[in-house]
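Accompanying notes for the structure given below.
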Amino acid sequence: MPSSLGDLCSKIRTRIAKINTTGTTPQLTNELADLVAWTPEFAADTNIAEQLWIPIYEQSEQLRLSIIKDDKQWDATRLDQITQLCLLSEQAWRSLKPNEQNARFQGHSHDDHEHSHDDHEHSHDDHEHSHDDHEHSHDDHEH
């Protein structure tokens, strides 16, 4: 998982270079497809201007749908389109001040955020029903 929009662009470029050098593999194209799909989300997690984000989103969506339609086509045209997405993203990344080029929060990792599960404002007792609320009990059944 990339750590930032800048890192995501670097990973895209690495995979494109590998495809150009050694050809495609299912793992490589799957990784590249994921990176393309994640690009607008990573860009949205920054403070880039909306006019920079919109073309990133549109290019990513066009590519994502194209990949869904034909995931075997990894020709020069598609790679050029991915490179264009990378250029748009790099331009947006460079528009940020150095202190705004932070690593993206990665919600799937429980080790990289600063709160514990005890910090949440609800408990498992907050649900609106109890296990006793069911309409029948085991005693209601005739044997």
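Nothing in this text is a laboratory measurement; each read-out follows from the coordinates by a stated rule. All values derive from a computational prediction rather than experimental measurement. Here Cβ is always computed from backbone atoms with ideal geometry, including for glycine, and neighbour counts include all displayed protein chains.
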Calculated from backbone phi, Karplus (6.51, -1.76, 1.60) coupling profile of the range 86-102 in Hz, x at Gly/Pro: 4, 4, 4, 5, 5, 4, 5, 4, 5, 6, 7, 5, x, 6, 9, 8, 8
Protection proxy ranking of 2-14, 58-70 - average other beta-carbon atoms within 10 Å, highest first: 2-14, 58-70
Residues whose placed amide H lies under 5 Å from that of Ser4, excluding near-sequence neighbours: Arg104
Binned Cα-Cα distance frequencies in the range 5-95 - 10 Å width, integer %: 18, 55, 24, 3
3J(HN,Hα) from dihedral phi, the range 48-65, Karplus parametrisation 6.51/-1.76/1.60, rounded to Hz, x for glycine, proline: 5, 5, 4, 5, 8, 6, 4, x, 5, 4, 4, 5, 5, 5, 4, 5, 4, 5
Set of lysines with alpha-carbon distance to Lys97 below 25 Å, sequence-local pairs under 8 removed: Lys11
